[in-house]
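First the structure, in the form of structure tokens, and then the observations on it.
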Amino acid sequence: MDFEGRDILSLLDFSREDIEKVFEVADKLEHIVNQRTRIDILKDKILGTLFFQPSTRTRLSFESAMLRLGGGVTGFADAKVSRAGDKYKESIADTARVIENYVDAVAMRHYEDGMPAEFAKYAEIPVINGGDGSNEHPTQGLLDLYTIKKELGRIDDIEILIVSDMKNERVIPSLLYGLAKFDDVKVHLLSPEEFKLKKEVYDNIKKMKLDYNEINNLEEVIDKVDVIYSNVIREKRGDAPTPDQYVVNAKKLEKAKKDLIVLHPLPRLDELSDDVDFTPHARYFEETKYGVITRMALLTLIFGRENKI
Amino acid sequence: MDFEGRDILSLLDFSREDIEKVFEVADKLEHIVNQRTRIDILKDKILGTLFFQPSTRTRLSFESAMLRLGGGVTGFADAKVSRAGDKYKESIADTARVIENYVDAVAMRHYEDGMPAEFAKYAEIPVINGGDGSNEHPTQGLLDLYTIKKELGRIDDIEILIVSDMKNERVIPSLLYGLAKFDDVKVHLLSPEEFKLKKEVYDNIKKMKLDYNEINNLEEVIDKVDVIYSNVIREKRGDAPTPDQYVVNAKKLEKAKKDLIVLHPLPRLDELSDDVDFTPHARYFEETKYGVITRMALLTLIFGRENKI
Amino acid sequence: MDFEGRDILSLLDFSREDIEKVFEVADKLEHIVNQRTRIDILKDKILGTLFFQPSTRTRLSFESAMLRLGGGVTGFADAKVSRAGDKYKESIADTARVIENYVDAVAMRHYEDGMPAEFAKYAEIPVINGGDGSNEHPTQGLLDLYTIKKELGRIDDIEILIVSDMKNERVIPSLLYGLAKFDDVKVHLLSPEEFKLKKEVYDNIKKMKLDYNEINNLEEVIDKVDVIYSNVIREKRGDAPTPDQYVVNAKKLEKAKKDLIVLHPLPRLDELSDDVDFTPHARYFEETKYGVITRMALLTLIFGRENKI
């Protein structure tokens, strides 16, 4: 993929080489974040952060990434503060053809599936999907993979347990499509029956020959996996606690491999116990740092500035 | 007008020379937007965007304009996130005397007529009216005129049809006051009876000797006009469609002059059909680009930096 | 105190020397604000403004301060636009460990007492308390003291009347803790019985040997004081006017010392009459300017950049 000017909509569009290209640029940018400094390779550019659905981490992560690269940021944090989201129901096509005149790239979150792709159809500027409905969250998927690479040392030849509402949590398809590009990855999926993957996601991962199976209890594989990807299982649960078979806690991790890493896209509820924070397995806060680095890499690439670092 | 330090509150205050001065500076800045770059002539300044009423395009357009000139931006997008708009009901005079200590100029939208002017009375910094109640929207008026100049080649000697709720849409007075400064402009006004211009606006345009008349159906003048300014006619309509006589669509434009241009301040509803997008007449998306350029010109002028471009 | 990397949570933590250090840096930065310009000593840094409770002046003041020093800003203006504030109820500990990866310092307002301190426990970056519940508002306290120093010429040897809801207005404890560090300060407290200081605040100021007494009517001390600190007395009042004994107006000030200055953290209601604006005693708008300068000084200090000015 030639990244310059490209939209980042789905990890289905990424080859292994594409993912590795992002990681290569991320590696070169990591010191900017570690040293808490800023460079100016995007000082002539403006990013629009269009969040039709509230978000702390994704929006601030994108804004931080753009600021660390010297760029400017404008946008909105809530559809309600924008006519684009109110009763006037401006079409996303119109919004796209307007916004492209204000900013040089867009990071967009939307409560409806496919809206960033629809926006991208009409806007000539690059569009990054910051999460759409229950469809995908490709930058989260990339940062999850980058965290695995950095903290485990490899993505090939790993065994990963994913515990999540697979149906509604948009990062899951992105993560699976990313994992499918690597070799000898074995995926264990754990979720309540009613929150299994959507049919199209099953179809996609089968077509990609991802080696996956479905299990009923975290403890079935706890001693075998290299990565646990914990995530909320929230719908219809109301205030009821997460059933124990889906909960990750320190006690269960006693049976884990020494090098196991635990990830979570955050925010977490009770499915990931606070006592995991104090085990050597926790990597979910590091994940958010890798998120800034990954998004810096993507911004650098879509503006074709990787040679300026 | 010496623009430096001035408030931009109403197009009534602009002479033809003032408008042309804005356009002259806009012409010099256009390449910044076309090349998607930024300069630093306002790098020492901060713009406050005070939006007491939600807006996507006007706020982002101002913020983009300031960022493209190298300036900093702070502000709020919604009165609800500001005590200034809540039950404490701080007077606009107090808000003005506070905010002027935080920023070097203000772009302000308010749901009430006259609030930017009231703010300007108390603040020593320049204030740009970003739309107040049903009163005026002078920067929209300026960008509309600039679009006409750039896309039609002239503002003198034109015939323009304006289809709008004339009473509640604040851009209409601004547009009319601007048009009145040019020569041989003929204006056709089309709106439902209950949404005609407010009396003070009639008084103003009569005093300015603007040549206008009122018509009942778009098709009466479709073959004569150089510009159609379409706009929403929304109040009391609820979900009922816009009556056909006020709708602009591709079919009606078949009878239009070859060089006719169609403008709309956006967002649009059904009064401007999507099929117009594919005719050679559509200029409403270009309008938003000219909006950034016009606002860059105004910011440059109120800070007295036109010689730094 | 070595300011670099420190949290600014409470004025209890400040010695007189600390306060004077802030003022010394503020004095060096004052010309930046007076000349309406920007410098670049923090151009490599990003400030996160995390406002879990709406605010105009404090948030914009912090953002202005950071922009004037050349830094970048991201954040949120309302908990509702952040998952951090919604039904998912992410713990502040998690929010802290996430946000510290996005920004280099935080200015935080929270509706609950102690939340900035809790955040600071988990974040490695410096945290500035921008007001928490009814607990403290240390930067407001500092700017109040700085205003007294600049406008009265001294903080030692003054007599000050504070008229406020002492119980709920978080700036009052901060102001008292600050005043207690100076010599020969005499404080008169005036509030309705039900809005007296909280017990812990009484305990603290007694321990600090602050010379205070409580009075029942502003007019008891009007001819003696050097400073009146007016503030809202709002709870349970609904729309009822502030009782006259707590109201500051021009008529009452006729009996005041010639050099008396009147402060108010703003926004004001009817407890501070507009007619005071036209007396030589009013300093509450200047206060907001000193607020930017004070916050610039704090930001400079926590980043250890005071030698770069």
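Here B:Glu136 meets each of (1) acidic (Asp, Glu); (2) surrounded by fewer than 24 Cβ atoms within 10 Å (Cβ to Cβ); (3) under 16 Å from the mean Cα position of the chain (by Cα) with one exception, condition (2). Candidates B:Tyr146, B:Tyr177: the one that is modelled with pLDDT of 95 or more, closer than 14 Å to B:Thr288 by Cα and either of a type in the set (Ser, Thr, Tyr) or in contact with a His (Cβ under 8 Å, 6 or more places away or on another chain) (or both) is B:Tyr146. Could you say whether any residue in the range A:294-304 is out of contact with any helix residue (DSSP H, G or I) (no Cβ under 7 Å at 6 or more places or on another chain), in contact (Cβ under 8 Å) with a residue 60 or more places away in the chain and either away from every other protein chain (no Cβ under 14 Å) or small (Gly, Ala, Ser) (or both)? Checked against the condition, which is being out of contact with any helix residue (DSSP H, G or I) (no Cβ under 7 Å at 6 or more places or on another chain), in contact (Cβ under 8 Å) with a residue 60 or more places away in the chain and either away from every other protein chain (no Cβ under 14 Å) or small (Gly, Ala, Ser) (or both), the range A:294-304 yields at least one hit. Do the conditions hold for B:Gly131, that is, is it more than 14 Å from every other protein chain (Cβ to nearest Cβ) and either crowded, with 24+ Cβ neighbours inside 10 Å or modelled with pLDDT of 95 or more (or both)? No; evaluated as a whole, the condition is false for this residue. For A:Ala107, state whether it is open to solvent by less than 10 Å² (accessible area, probe 1.4 Å) and either modelled with pLDDT of 95 or more or within 14 Å of chain B (Cβ to nearest Cβ) (or both). Taking the combined requirement at face value, the residue satisfies it. Which one is nearest to B:Val171 (Cα to Cα), of the residues in the range B:243-271 that are part of a loop (DSSP other than H, G, I, E, B) and within 14 Å of chain A (Cβ to nearest Cβ)? If we take residues in the range B:243-271 being part of a loop (DSSP other than H, G, I, E, B) and within 14 Å of chain A (Cβ to nearest Cβ), then B:Pro265 is nearest to B:Val171 (Cα to Cα). Evaluating C:Lys198 against the criteria (1) more than 22 Å from C:Ile261 (Cβ to Cβ); (2) open to solvent by 10 Å² or more (accessible area, probe 1.4 Å); (3) in contact with a Leu (Cβ under 8 Å, 6 or more places away or on another chain) leaves one unmet condition, (3). Screening the range A:77-99 for residues that are part of a loop (DSSP other than H, G, I, E, B) and buried (at least 24 other Cβ atoms within 10 Å of the Cβ) and picking the one that is modelled with the highest pLDDT gives A:Ala77.
B:Lys150 passes every criterion in (1) assigned to a helix (DSSP H, G or I); (2) within 14 Å of the chain's Cα centre (by Cα) apart from (2). With respect to A:Glu194, is the statement that it is in a helix (DSSP H, G or I) and either modelled with pLDDT of 95 or more or not assigned by TED's automatic domain parsing to the domain that holds A:Glu20 (or both) true? Criteria met by A:Glu194. Of the residues making up the range A:221-236, just one is more than 21 Å from the chain's Cα centre (by Cα) and at pLDDT below 95, namely A:Lys236. No other residue among A:Leu152, A:Leu145, A:Leu161 is among the hydrophobic types (A, V, I, L, M, F, W, C) and surrounded by fewer than 19 Cβ atoms within 10 Å (Cβ to Cβ) apart from A:Leu152.
Report yes if some residue within the range C:11-28 is in contact (Cβ under 8 Å) with a residue 12 or more places away in the chain, under 20 Å from the mean Cα position of the chain (by Cα) and assigned to a loop (DSSP other than H, G, I, E, B); otherwise report no. Looking through the range C:11-28, at least one residue is in contact (Cβ under 8 Å) with a residue 12 or more places away in the chain, under 20 Å from the mean Cα position of the chain (by Cα) and assigned to a loop (DSSP other than H, G, I, E, B).
When the residues of the range A:12-21 are filtered to those that are exposed (fewer than 14 other Cβ atoms within 10 Å of the Cβ) and of a type in the set (Asp, Glu), which remaining residue is farthest from the other protein chains (Cβ to nearest Cβ)? Among residues in the range A:12-21 that are exposed (fewer than 14 other Cβ atoms within 10 Å of the Cβ) and of a type in the set (Asp, Glu), the one farthest from the other protein chains (Cβ to nearest Cβ) is A:Glu17. A residue that is free of Cβ contacts under 8 Å to residues at least 60 places away in the same chain and touching a Gly at 6+ places or on another chain (Cβ under 9 Å) can be found somewhere in the range B:143-156. Figure legend. Inter-residue proximity from the range A:272-291: first residues free of Cβ contacts under 8 Å to residues at least 24 places away in the same chain, second residues in a helix (DSSP H, G or I) and among the hydrophobic types (A, V, I, L, M, F, W, C), beta-carbon distance below 7 Å, spacing 6+ or different chains. Indicated pairs: A:Ala282/A:Val276; A:Phe285/C:Val98.
Scanning the range B:272-304 for residues that are assigned by TED's automatic domain parsing to the domain that holds B:Ile155 and part of a loop (DSSP other than H, G, I, E, B) gives B:Ser273, B:Thr279, B:Pro280, B:His281, B:Arg283. Tell me yes or no: at least one residue of the range A:22-36 is more than 16 Å from A:Tyr146 (Cβ to Cβ), of a type in the set (A, V, I, L, M) and crowded, with 16+ Cβ neighbours inside 10 Å. Among the residues of the range A:22-36, not one is more than 16 Å from A:Tyr146 (Cβ to Cβ), of a type in the set (A, V, I, L, M) and crowded, with 16+ Cβ neighbours inside 10 Å, which makes the answer no. Of all the criteria given as (1) in contact (Cβ under 8 Å) with a residue 24 or more places away in the chain; (2) in a loop (DSSP other than H, G, I, E, B); (3) out of contact with any Lys or Arg (no Cβ under 8 Å at 6 or more places or on another chain); (4) not assigned by TED's automatic domain parsing to the domain that holds A:Leu29, the one not satisfied by A:Ala240 is (1).
Flag set for C:Leu9, criterion: within 18 Å of C:Asp113 (Cα to Cα), among the aliphatic types (A, V, I, L, M) and either touching a strand residue (DSSP E or B) at 6+ places or on another chain (Cβ under 7 Å) or open to solvent by 10 Å² or more (accessible area, probe 1.4 Å) (or both). Only one entry in B:Ile172, B:Ile215 is surrounded by 22 or more Cβ atoms within 10 Å (Cβ to Cβ), within 25 Å of B:Leu272 (Cα to Cα) and not aromatic (Phe, Trp, Tyr), namely B:Ile172.
Let's see how each residue does on (1) within 30 Å of C:Thr37 (Cα to Cα); (2) surrounded by 15 or more Cβ atoms within 10 Å (Cβ to Cβ):
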site: C:Asn204; (1), (2): no, yes
site: C:Tyr229; (1), (2): no, yes
site: C:Asp274; (1), (2): no, no
site: C:Phe285; (1), (2): yes, yes
site: C:Leu299; (1), (2): yes, yes
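Among what's in the range B:49-65 and is among the small types (Gly, Ala, Ser) and surrounded by 24 or more Cβ atoms within 10 Å (Cβ to Cβ), pick the residue that is nearest to the other protein chains (Cβ to nearest Cβ). In this case the residue turns out to be B:Ser64. Of the residues examined, C:Glu271 is one that is under 18 Å from B:Ile92 (Cα atoms) and charged (D, E, K, R). Of the numbered criteria (1) open to solvent by 40 Å² or more (accessible area, probe 1.4 Å); (2) within 10 Å of chain A (Cβ to nearest Cβ); (3) at pLDDT below 95, the one C:Asp2 fails is (2). So, in the range C:66-76, of the ones that are open to solvent by 10 Å² or more (accessible area, probe 1.4 Å) and hydrophobic (A, V, I, L, M, F, W, C), which residue ends up farthest from the other protein chains (Cβ to nearest Cβ)? Here the answer is C:Val73.
The values are calculated or read from the model by the stated rules, or taken from the named source; none is laboratory data. Here the structure is a predicted model, which is why all the values come from computation and not from measurement. Every residue, glycine among them, receives a Cβ derived from its backbone with ideal geometry; neighbour counts consider all protein chains shown. The protein model used for the area step is the full one, side chains on, heavy atoms only, and it has no ligands, DNA or RNA in it. Shrake-Rupley method; radii C 1.70, N 1.55, O 1.52, S 1.80 Å.
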